[in-house]
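The values are calculated or read from the model by the stated rules, or taken from the named source; none is laboratory data. As the structure is a prediction and not an experimental result, all values here were calculated from the model. FYI the Cβ positions are ideal-geometry reconstructions off the backbone, even for glycines, and counts take in every protein chain you see. Please note that ligands, DNA and RNA were not included when accessible areas were found on the heavy atoms of the full protein model with its side chains. Shrake-Rupley method; radii C 1.70, N 1.55, O 1.52, S 1.80 Å.
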Amino acid sequence: ETLQRYMKLAPVVDGVEGVYVKTEGLGKSAYKLVGNVPANGKAPGGLLRHKGWKAEKVDLPTAAPAGGQLVPAEIEVE
């Protein structure tokens with residue numbers, strides 16, 4: 001619930017796992033090749049094994065004020 005409040009996650013590749021996908025158009029850091037990878041480290045595509053995740057939106061609270069305090073301590077006097 002907290003994660004959904006501050007972040008919107010989306011798949012890197014919006015496809016069906018187990019289906020052939022092309023690497024064309026994807027940034028080099030958006031995917032990693034696994035399995036029988038050619039010596040040059042490049043391939044036109046392969047079977048999608050994991051869609052990956054990216055943060056489409058990050059809406060975190062503003063930085064803490066000087067001293068790092070977010071909320072003061074409560075001390076009850078008796």
Item to complete: Please determine, by comparing only the residues of the stretch 44-63 that are open to solvent by less than 100 Å² (accessible area, probe 1.4 Å) and touching a Gly at 6+ places or on another chain (Cβ under 9 Å), which one is farthest from Leu3 (Cα to Cα).
Response: Gly46
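Matching residues to (1) out of contact with any Asp or Glu (no Cβ under 6 Å at 6 or more places or on another chain); (2) modelled with pLDDT of 90 or more:
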| residue | (1), (2) |
| --- | --- |
| Leu3 | yes, no |
| Tyr6 | no, no |
| Val16 | yes, yes |
| Val19 | yes, yes |
| Val34 | yes, yes |
| Gly41 | yes, no |
| Gly45 | yes, yes |
| His50 | yes, yes |
| Trp53 | yes, yes |
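Being closer than 28 Å to Leu60 by Cα and assigned to a strand (DSSP E or B) is the filter here, so list the residues in the stretch 1-48 that pass it.
Met7, Lys8, Leu9, Ala10, Pro11
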Discussion item. If Gln69 satisfies all but one of (1) at pLDDT 85 or above; (2) open to solvent by 100 Å² or more (accessible area, probe 1.4 Å), what's the number of the condition it fails?
Written reply: (1)
Practice prompt. Working only within the stretch 20-43, note down all residues that are open to solvent by 100 Å² or more (accessible area, probe 1.4 Å) and in contact with a Ser or Thr (Cβ under 9 Å, 6 or more places away or on another chain).
Written response: Lys42
